[in-house]
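Report on the following structure.
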Amino acid sequence: MGWLDRFPKHMFSSRGWGLLGAGVLSLLAAQVLGRRDLLALALLLLVLPLLSLAGTRLLQPRFQVYREFNPSPVETSSTTTVRLAVARTGPGTGHALMDEQLPSRFGKSPVFRFPARSAVAGASRYEYQLRSAKRGQFLIGPVMAEFSDPFGLAVHRRAIDGGTVLTVTPAAVELPVTGLAGARGHDGVTATRIRANPSDDDVMTREYRHGDPMRRVHWAATARHGSLMVRQEESVTTPEATIILDQRFPAYSSGAGYVSGADAADGHELVSSDTFEWAVTAAMSISAHLGERNYALRCLDPAGEPAFLNSPSAPEPEADEYVGAGGLQSIAESLAAIQLTGPRRAAADAEPQPFDDRLMDKLSAHRLRGPILAILGRLTAAEARSLAPAAGFGANAFALVVTDRTADTGPVLEILRRGGWRAVAVSAATPLPAAWSAFDQGGTPALSAATDVRRGAGGRR
């Protein structure tokens, strides 16, 4: 009966199609031979599969599906265990064949039978593992169940849940220890001037300046110096770092170098490129490196807005300050589905200019409280001149310029360096630890040498 396999399987089983075929033949024989008993048999053979089909559509069993990931979210190239529990919530018995729908990147969908042999309290539990080499958010599920009537004639396949989103975050690369921390103390904190009511043991003074409130005058110091002196307190607080993540489409796309972050077959596509993926990994790695050293992190985009305002995976899109392990986890989730924004074609007249007063105001509000790190795409000379003064707002200023043409970045790097930045040009092939170490090893020449060693080529680019 191999010819029955050519018929659609979403309505009748092979047995059902066989009965329908036998019914049609019996009906023809009844017409030719004039036999009423063949007519009755034909009607029975035709009606029974149709009734079974109607029953599987009208009497649909109800299920409850619970799905969890461990760990969740999961880093790229790491494995997460999916635990699936399926329980029948309505009346009915019988068996069903089920399979979990997965994006194509995860391979073949797991298939299982319901109820499971190890079912407990009416719930069948299943377990399998997933791993993704790329970041993003992926819909895992729904569970597709295939039901049949008691006679095995009709088949009905439908989804019994809506699926669950799995968030895959970029994995951080371990960075070498460098002198980036600047004024950071040995105990993981840094001294920052604050306005407060100090004790007599925690007070510093300076000369009175126009506009200082009289309540801050330190009379004992005034008597000693013979001129008005005001309190200026020194307090120990958490060190801060500001990360500027460039997400502009024109800064990373360059003709044939533009790629999609995922296949359309996944039903999930990020607007990205190889250089932007390098920048995202750098942002995650730098955040982890500083977060482990007790830094409070501030993440901004080139316009001074929260860096993850347009990320669909961001738990708090409007937040720009992150502290502790919870803050680092929020950054990782926000970076999971971040993508390039802005026009697909550079249109300087149509879009607000990056690195303008809005960004400067944000940096000025936290002046000299810690380093500024800018992870940038391709810059024009005008954009570099706009960004250069921002170095004055940080205790140190570091810039990574990610581009496919590092040899063409000389003028831009020179502009940034004159403004006070330590600037390095990298490509998507540059090892991130080498780029990080380049800040302490003389910048671009040292980085080029490290990259050439990795590629097995001598000399400098």
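Which cross-chain or sequence-distant (5 or more) residues have an amide H under 5 Å from the amide H of ALA425, H modelled 1.01 Å from N in plane?
VAL401
Treating each Cα of segment 63-169 as an identical point scatterer and ignoring solvent, apply the Debye formula and state log10 I(q)/I(0) at q = 0.24 Å⁻¹.
Log-scaled intensity ratios, in q order: -1.34.
Divide the volume of the convex hull of the Cα atoms of segment 102-158 by its number of residues and quote the answer in cubic angstrom per residue.
Per residue, the Cα convex hull of segment 102-158 comes to 120 Å³.
Work out from phi, with θ = phi - 60° and the Karplus expression 6.51 cos²θ - 1.76 cosθ + 1.60, the ³J(HN,Hα) of each residue of segment 27-32, listed in order in whole Hz, and give x for Gly and Pro.
5, 5, 5, 5, 5, 6
Among 52-62, 132-142, how do they line up by average Cβ neighbours within 10 Å per residue, starting with the highest?
The packing order, highest mean first, is 132-142, 52-62.
Which cross-chain or sequence-distant (5 or more) residues have an amide H under 5 Å from the amide H of GLU75, H modelled 1.01 Å from N in plane?
THR169
Whose amide H sits under 5 Å from the amide H of MET204, counting only residues 5 or more places off or on another chain, with H placed in the peptide plane?
Residues meeting the criterion, in which the H sits 1.01 Å from N, are GLN232, GLU233, GLU234.
With label points built 7 Å along Cα→Cβ from the Cα atoms of GLU316 and THR89, find their separation and express it in nm.
Those two pseudo-labels are separated by 3.3 nm.
Readers should treat all values here as calculations from the given coordinates under stated rules, not as data from a laboratory. On a predicted model such as this, the values are computed, not experimentally measured, just so you know. Positions of Cβ are generated from backbone atoms using ideal geometry, with glycine treated the same way; all protein chains shown enter the neighbour counts.
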